[in-house]
Amino acid sequence: MAEANPMLSLDALTFGSAKGALEQGCAAIAAGETVFDLGGVSAADSSGVAVLLAWQRRARAANQRLTYINVPQNVQKLAALYGVDGLLPQS
């Protein structure tokens, strides 16, 4: 099983937290982290899905493969609703 990323500590992926989450995730990717544990995320909206996609783009640009674990059901549903669930690899 993939190990969780200790650098990523988020409780929300919403409009209000998107900028900080984006920066935190990009820093983790730059440090070589490739597994993001979203188990602590209790609130999410479309901004959060956009952040997940931005992290994927950043990882790809760094020639890394980013994987998400413990993705909350509401995030999965939003990604499916927008038709981007296939772009968010899960372990």
- [ ] Scan the stretch 73-91 and report the pairs whose first residue is over 14 Å from Ser47 (Cβ atoms) and whose second residue is in a loop (DSSP other than H, G, I, E, B), with Cβ atoms within less than 6 Å and a gap of 6+ or a chain change.
- [x] Gln90/Val71; Ser91/Ala2
Open item on the list: Just to be sure before I move on: is Gly25 touching a helix residue (DSSP H, G or I) at 6+ places or on another chain (Cβ under 6 Å) and touching a residue at least 24 places away in the same chain (Cβ under 8 Å) in the structure I sent?
Closed with: yes
Task: Selection within the stretch 15-46 - open to solvent by 40 Å² or more (accessible area, probe 1.4 Å) and among the polar types (S, T, N, Q) - done: Gln24, Thr34, Ser42, Ser46
Open item on the list: Looking for something part of a loop (DSSP other than H, G, I, E, B) and either within 12 Å of the chain's Cα centre (by Cα) or basic (Lys, Arg) (or both) - is there at least one such residue anywhere in the stretch 50-68?
Closed with: yes
TODO: Pull up the stretch 74-91, narrow it to residues that are open to solvent by less than 20 Å² (accessible area, probe 1.4 Å) and not β-branched (Val, Ile, Thr), then point me to the one that is nearest to Val35 (Cα to Cα).
DONE: Leu88
- [ ] Spot the failing condition for Val71; the list is (1) open to solvent by 60 Å² or more (accessible area, probe 1.4 Å); (2) within 19 Å of Ser17 (Cβ to Cβ), and only one is missed.
- [x] (1)
- [ ] Search the stretch 33-44 for residues that are over 17 Å from Ser17 (Cα atoms) and pair each with any residue that is modelled with pLDDT of 90 or more and assigned to a loop (DSSP other than H, G, I, E, B) when their beta-carbon atoms are under 6 Å apart and the residues are at least 6 apart or on different chains.
- [x] Thr34/Gln64; Thr34/Leu66
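The values are calculated or read from the model by the stated rules, or taken from the named source; none is laboratory data. The model shown is predicted, which means the values in this text are computed figures rather than measured ones. Heads up, the Cβs are rebuilt from the backbone with ideal geometry, glycines too, and the neighbour counts pull from every protein chain shown. The accessibility values were calculated without ligands, DNA or RNA, using every heavy atom of the protein model including side chains. Shrake-Rupley method; radii C 1.70, N 1.55, O 1.52, S 1.80 Å.
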